[in-house]
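Shown next, in structure tokens, is the structure this report addresses.
The values are calculated or read from the model by the stated rules, or taken from the named source; none is laboratory data. The structure presented is a predicted model; accordingly, all values stated were derived computationally and were not measured. In this analysis, Cβ positions are derived from the backbone assuming ideal geometry, glycine residues included, and neighbour counts consider all displayed protein chains. Calculation scope for accessible area: heavy atoms of the full protein, side chains included, ligands and nucleic acids excluded. Shrake-Rupley method; radii C 1.70, N 1.55, O 1.52, S 1.80 Å.
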Amino acid sequence: MKLNTTKHRHSGTRRRPITRPIAAAALGATLLTGCQQANQSLFIGDMSSAYNREIWWMSVWAIVLSIIIFVGVSYALFYTVQKFREDRHDAPPAQFHGNNRLEVILVAVPVIIVFGLSILTVRSMAILNPTPEQATKIDVLGKQFWWNFAYPETTSDAGGVVTNGNEMIMPTKQPVALTITSGDVIHGFWAPNIGGQRAAMPAVQKTWQVDTERPGAYQGNCSQLCGASHANMRYKVVALDQERYDATLAAMKAYRAPEPAPGSAEARGYALFMQGKSSTGAVSCAACHRVQGTPAGGVAGPDLSFFGTRRTLGAGMWEAMTDKKWEDPKAAKQLSDWLKNSPRVKPGSLMPTYDGSEYRNTKGELVKGGTLTDAEIDDIAAYLRSLQLPEEADYWRGSPVIGAGATGGNQ
Ligand code: CUA
């Protein structure tokens with residue numbers, strides 16, 4: 001192409017102020033659609049949710065009303081300016097004081113407008129706020145920087161309420177009552193496909209409902225600035241049809257972590273997970289994590305009972321959206337990096353390090369981490385991968401990832 005002429009160079013210089021915003025917009029689009037592992041995008045206005053439909057129609061009415069007001073006020077303005085132009089009226093305007101009719105109209109019209117908009121809002125609140133008794137109940141706990149989802153109506157056969165970290169399973173076609181709280185600072189629960197956002201506040205429990213008609217995996221993010229890894233405080237919502245949801249919950253209820261075969265990598269990993277390695281200062285995983293059906297009952301970190309079924313790591317920072325999950329070489333590397341030094345890959349993570357480097361513990365003190373060899377890290381990874389629900393209860397299987405980019409999906 002013969003672009004290198006003086007003329008073109010000049011027009012190029014002049015064009016620069018336009019190309020810059022375009023480049024910025026393109027960059028923005030890239031960032032929004034995501035160019036990393038976790039490349040699912042959020043979008044609002046998903047009409048598969050009754051909650052969203054209600055909010056949508058309320059907004060449409062409010063916008064239509066605003067347009068009518070805008071047109072009315074604009075008309076009155078232009079009409080007055082045109083009618084009382086100075087060049088048509090040489091004489092000074094008539095001087096008068098007080099016009100009761102006009103004053104009443106000017107007060108009454110805004111009152112009617114505000115009243116109309118309030119009716120719309122109150123109507124939507126009356127529809128959306130009460131949570132039906134029979135709604136499925138899920139307790140949501142936000143912490144720096146991850147989420148725990150507990151099913152208070154389902155107590156596991158091994159003891160304790162069924163709980164999953166960072167992946168929320170919900171039934172479709174019915175209201176789901178979320179009771180949301182926080183273990184530290186204020187977080188924001190926001191999975192726009194299934195409803196609006198709600199603050200997760202410490203010592204406060206708020207219940208409100210979400211729903212969707214479409215089975216699939218949806219993206220959720222923390223929507224309240226909460227610290228170093230606010231942007232890495234993600235989660236997935238996997239909506240399943242009632243039958244599959246019930247089967248999954250039943251499998252979770254019956255689940256006991258598989259007992260590793262003696263001498264296997266899983267068995268070595270199990271021992272490290274439960275006891276750590278005191279000779280090198282490596283603290284046990286069980287102190288902070290729970291694994292259903294084992295002595296591990298820690299609650300400082302996410303529940304790991306179904307880790308091998310999960311397809312997200314580090315609260316959705318990394319995804320393994322293939323059937324190989326954490327066996328996939330790239331995902332396996334992420335898992336091992338995570339286990340060795342989680343605060344390095346996720347700023348603000350409170351997990352101890354296992355490569356000897358310093359980390360901040362839950363009290364905020366800088367302490368020296370213990371050490372594990374690469375082989376030992378691999379053993380722990382093997383144990384974590386073995387924590388799988390039976391295949392028919394794998395909630396990811398066949399769940400379309402809604403809003404995923406071209407490289408996303410789990411088919
Ligand atoms: Cu939690 Cu932002």
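Summarising the amide proton neighbourhood of V161: residues at separation of 5 or more, or on other chains, whose placed amide H is nearer than 5 Å comprise S156.
Using only the alpha-carbon atoms of the stretch 82-221 as identical scatterers, what base-10 log of I(q)/I(0) does the Debye formula give at q = 0.10, 0.16, 0.18 Å⁻¹? Once normalised to I(0) and log-transformed, intensities are -0.52, -0.93, -1.10. Karplus-based coupling profile of the stretch 76-93, in residue order and whole Hz: 4, 5, 5, 4, 5, 4, 5, 5, 10, 4, 4, 5, 9, 10, 5, 6, x, x, with θ = phi - 60° in 6.51 cos²θ - 1.76 cosθ + 1.60 and x standing for Gly or Pro. If you add up the charges near M201, with Lys and Arg at +1 and Asp and Glu at -1, over every other residue whose beta carbon is less than 13 angstrom from its beta carbon, what do you get? Summing Lys/Arg as +1 and Asp/Glu as -1 gives +2. Share of pairwise Cα-Cα distances greater than 25 Å in the stretch 31-151 is 60 percent (whole percent).
Annotation: average projected area of the stretch 190-239 is 3.8 square nanometres, based on the convex hull of Cα atoms across all directions. If you take the alpha carbon atoms of the stretch 255-366 and fit the smallest convex hull around them, that volume is 117 Å³ per residue. Taking every protein chain into account, the accessible area of the stretch 277-352 amounts to 37 square angstrom per residue (probe 1.4 Å).
The amide H of M170, built 1.01 Å from its N in the peptide plane, has V238, A239, L240 as neighbours under 5 Å, considering only residues 5 or more places off or on other chains.
Evaluated at q = 0.11, 0.12, 0.18 Å⁻¹, a Debye calculation over the C-alpha positions of the stretch 148-301 (equal weights, vacuum) places log10 I(q)/I(0) at -0.54, -0.63, -1.18.
Pair-distance distribution P(r) for the stretch 208-295, from all Cα-Cα distances in 10 Å bins starting at 0: 13, 25, 29, 27, 7, 0 percent. The magnitude of the dipole of the stretch 84-227, with charges of +1 and -1 set on the Cβ of Lys/Arg and Asp/Glu and taken from the Cα centre, is near 140 debye.
Of the GluC sites (Glu not before Pro) in the stretch 343-403, the ones in a loop by DSSP (not H, G, I, E or B) with at most 14 other beta carbons within 10 Å are E365. Both numbers refer to the Cα atoms of the chain; Rg and Dmax are 28.5, 106 Å. When a 1.4 Å probe is rolled over the protein heavy atoms, the share of accessible surface on the stretch 300-384 that falls to carbon and sulfur comes to 54 percent. Site-free segments of the chain were taken between chymotrypsin sites (Phe, Trp or Tyr not before Pro) in DSSP loops having at most 14 other Cβ atoms within 10 Å, sites themselves excluded; the longest one is 97-411. Computed from phi, the 3J(HN,Hα) profile of the stretch 221-226 under the Karplus parametrisation 6.51, -1.76, 1.60 (θ = phi - 60°) reads 9, 6, 10, 10, 4, 9 Hz, with x in place of Gly and Pro. Using θ = phi - 60° in the Karplus curve 6.51 cos²θ - 1.76 cosθ + 1.60, the 3J(HN,Hα) couplings for the stretch 172-184 round to 8, 6, 6, x, 10, 8, 9, 10, 10, 8, 10, x, 8 Hz; x is entered for Gly and Pro.
Measuring nothing but alpha carbons in the stretch 304-401 and taking Rh as the Kirkwood radius, the Rg to Rh ratio lands at 1.01.
Under 5 Å between amide hydrogens, built in the peptide plane, is the criterion, and for S182 it picks out G142, M201, A203, V204 among residues at least 5 positions away or on other chains.
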